[in-house]
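What follows is one structure encoded as structure tokens, with my remarks underneath.
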Amino acid sequence: MDATAALELAEAAPFSAEERAAVYRAILTRRDVRDEFLPDDIPEETLRRLLDAAHHAPSVGFMQPWNFIVIRDAAVRARVREAFERATAAEVEILEPERRDHYRSLKLQGISKAPLNICVTCDRERQGRTGLGRTQQPDTDLLSTACAVQNLWLAARAEGVGVGWVSILRDADLRAILAIPPQIAIVAYLCVGRVARAYVRPELEVKRWARRLPLDELVFADKWGAAASAVRKDP
Ligand SMILES: Cc1cc2c(cc1C)N(C[C@H](O)[C@H](O)[C@H](O)COP(=O)(O)O)c1[nH]c(=O)[nH]c(=O)c1N2
């Protein structure tokens, strides 16, 4: 092994029971927040920690393809909100007729209520047109950016900050409103703000739109479709 690199290895022992519990608590109680935002601004230090958590996500070839457009301007958010309304109208049209009223009753964004919005983008050419790990799987830059979003989302939970991901937005609308150049992909539009309360279960489950699938039906052993009885329910 490269002796200089070996000097950079540090112990990677398991966390203490308390630390582990905190990590799993963040994972299990993270929610997509739409309506529980408080109006208080997020302190700069907190925002910086959230963005730094995102920036420490894994990325293909250590590409770090992300950028974060932090949006506080109410006028910009109002334009995004209008774009959301247009996109919702289009989405409702393609739903089965019997689900349309249910869909319309759901709250699916907090664009104006949250004091802060963040648009997370992916520069698809940050390391040239391909790069380590992307030759066969070119979309791994987008997947890396999604990892950054998840890091931010989990860190936000620990900070008492709610995050809601809004994808009911036409790419062209967001691109025009935020002046995003063509080679940059839009990955996520997030509503971000302090929250005092959050749903215990996913809001879409509480409101009977969907339910959590049983994990056991999703885990296979060795090949697609083979039940994995070896994966125990209670770790
Ligand atoms: C890529 C992507 C895109 C969206 C979402 C999530 C993700 C990962 N979610 C949130 C989604 O509805 C939510 O994660 C699930 O319902 C599960 O709930 P919890 O996140 O566990 O609270 C979401 N929610 C919403 O109200 N409007 C939206 O447009 C979207 N879009």
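Restricted to the stretch 110-133, and to residues that are part of a loop (DSSP other than H, G, I, E, B) and either in contact with a His (Cβ under 9 Å, 6 or more places away or on another chain) or modelled with pLDDT of 90 or more (or both), which residue is surrounded by the most Cβ atoms within 10 Å (Cβ to Cβ)?
By that ranking, first place goes to ALA114.
When you go through ARG201, ARG197 one by one, which is the residue that is under 19 Å from GLN109 (Cβ atoms) and of a type in the set (Lys, Arg)?
Working: ARG201 fails: under 19 Å from GLN109 (Cβ atoms).
Selected residue: ARG197, the only one of ARG201, ARG197 that is under 19 Å from GLN109 (Cβ atoms) and of a type in the set (Lys, Arg).
Go through the stretch 147-184 residue by residue and tally those that are within 16 Å of ILE69 (Cα to Cα), in contact with an Asp or Glu (Cβ under 8 Å, 6 or more places away or on another chain) and either within 15 Å of the ligand (Cβ to nearest atom) or among the polar types (S, T, N, Q) (or both).
Summing the residues that are within 16 Å of ILE69 (Cα to Cα), in contact with an Asp or Glu (Cβ under 8 Å, 6 or more places away or on another chain) and either within 15 Å of the ligand (Cβ to nearest atom) or among the polar types (S, T, N, Q) (or both) in the stretch 147-184 gives 4.
Among the residues in the stretch 207-220, are any touching a Phe, Trp or Tyr at 6+ places or on another chain (Cβ under 9 Å) and either among the acidic types (Asp, Glu) or under 30 Å from PRO39 (Cα atoms) (or both)?
Within the stretch 207-220, one or more residues are touching a Phe, Trp or Tyr at 6+ places or on another chain (Cβ under 9 Å) and either among the acidic types (Asp, Glu) or under 30 Å from PRO39 (Cα atoms) (or both).
Please identify the pairs in which a residue from the stretch 179-208 that is acidic (Asp, Glu) has its Cβ atom under 6 Å from the Cβ atom of a residue that is surrounded by fewer than 17 Cβ atoms within 10 Å (Cβ to Cβ), counting only partners at least 6 apart or on another chain.
GLU205/ARG211
Just to be sure I understand, how many residues within the stretch 24-82 are of a type in the set (Phe, Trp, Tyr), within 19 Å of ARG157 (Cβ to Cβ), in contact (Cβ under 8 Å) with a residue 12 or more places away in the chain and within 16 Å of the ligand (Cβ to nearest atom)?
Final tally of qualifying residues: 1.
The values are calculated or read from the model by the stated rules, or taken from the named source; none is laboratory data. Keep in mind it's a predicted model, so treat the numbers as computed, not measured. Positions of Cβ are backbone-derived with ideal geometry, glycine not excepted, and every protein chain shown enters the neighbour counts.
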